[in-house]
Amino acid sequence: MRYALISDIHGNTDALHAVLADIEKSGADKLLCLGDIVGYGAEPEECLREVRSEKIDTIQGNHDSATVGTTPLEHFNEYAKEAVLWTAARLGAEDKKYLRDLPLTRDYGGFTIVHSSLDAPHEWHYIVDMLAARRCFELLTERICFIGHSHVPLVFTESGSLSCGRESEIAIREDARYIINIGSVGQPRDGDSRASYGFYDTEAMRVEIRRVPYDIRSVQIKIESAGLPRFLAFRLGIGR
Ligand code: ZN
C-alpha cells in the first residue's frame, strides 16, 4: 500500500489543491489527514468539502476541536484564538458535526496516526524533544506513529536520534520504531514556505517527505480580505 499523508491544512485551499495534484501525479492507494483542516486560513468550508469529497480518512486536530468548542481556547495565542472564533462563526452545523465526530487516533496495522501525541491526544502535547517522544513511544503498539501539530517535519527513533528533513527519504528498518512528523500543508513553520506532506510505501518500507510550491500571494490576499489577523498572511510568506 502507498499512503499519502497530509496534515495541518488550516483553511488553505490553494496549498491543499497543489498537494492533491502532486499526490495524483505520483499516485497513492489511500489518503490520510492528520488533523487541523480548519483554523488560521480563510477557506475552512472549501477545505472541509475537499477532504470529505476525496474520502480522506481524517482525525481531529486541536483547531478542529476548538472550533466546535471541545477544546478550551485558553492555550491558544491571540492570532489562533481570533482565527478559531472567525472559523466557528463561519461554519455551518453539518461541518461542525463532522469535525466534532472525528476520532483522535486511527490505526492501520503497522502504523498509527494522531495529531499531537499518543500521550493524552486530547491534551495536544507537542513532540519536539526526546522526552515528549519517549512518552509517545511508550504508548505506541505499532512500528510507526505519524503526527502533525508542530508544522515542522521531524523524525524520532527510540535510540534517541533525531533528524529533520525537508524533502527527505526515510528507509524504515524492521528493528526500529519511529515517530514521524510530516509537516504542514497550509502553514509550514520550518522556514520553507512550500506545502509539506508525506508518503508511506508499506512494501518498499520507505517514507518520503515532499514539498510543493503554491500561489502564496493569493492566499495572503484571501486572509487579509477576510479580516483575519495580517500576521497570519505574513507568516505564510516566510514559512514560520
Ligand atoms: Zn496545526
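The number of residues in region 191-210 being within 18 Å of the chain's Cα centre (by Cα) and under 17 Å from F146 (Cβ atoms) comes to 10. For region 8-56, a residue qualifies if it is over 18 Å from T87 (Cα atoms) and within 12 Å of the ligand (Cβ to nearest atom), and the qualifying residues are C33, L34. Scanning region 113-127 for residues that are within 14 Å of the ligand (Cβ to nearest atom) and at positive phi returns a single hit, W124. The test for being open to solvent by less than 30 Å² (accessible area, probe 1.4 Å) and within 16 Å of R106 (Cα to Cα) does not hold for I23. Condition (residue is assigned to a helix (DSSP H, G or I) and open to solvent by less than 20 Å² (accessible area, probe 1.4 Å)) applied to region 216-225: is it met by at least one residue? Yes, some residue in region 216-225 is assigned to a helix (DSSP H, G or I) and open to solvent by less than 20 Å² (accessible area, probe 1.4 Å).
Of E142, E224, all but one fail to be closer than 25 Å to A89 by Cα and in contact with a Lys or Arg (Cβ under 9 Å, 6 or more places away or on another chain); the exception is E224.
The values are calculated or read from the model by the stated rules, or taken from the named source; none is laboratory data. Just so it is clear, the model here is predicted, and its values are computed rather than measured. With ideal geometry, Cβ positions are generated from the backbone for all residues, glycine too; neighbour counts draw on all protein chains shown. Remember, those area values only see protein heavy atoms, side chains included, never the ligands or the DNA or RNA. Shrake-Rupley method; radii C 1.70, N 1.55, O 1.52, S 1.80 Å.
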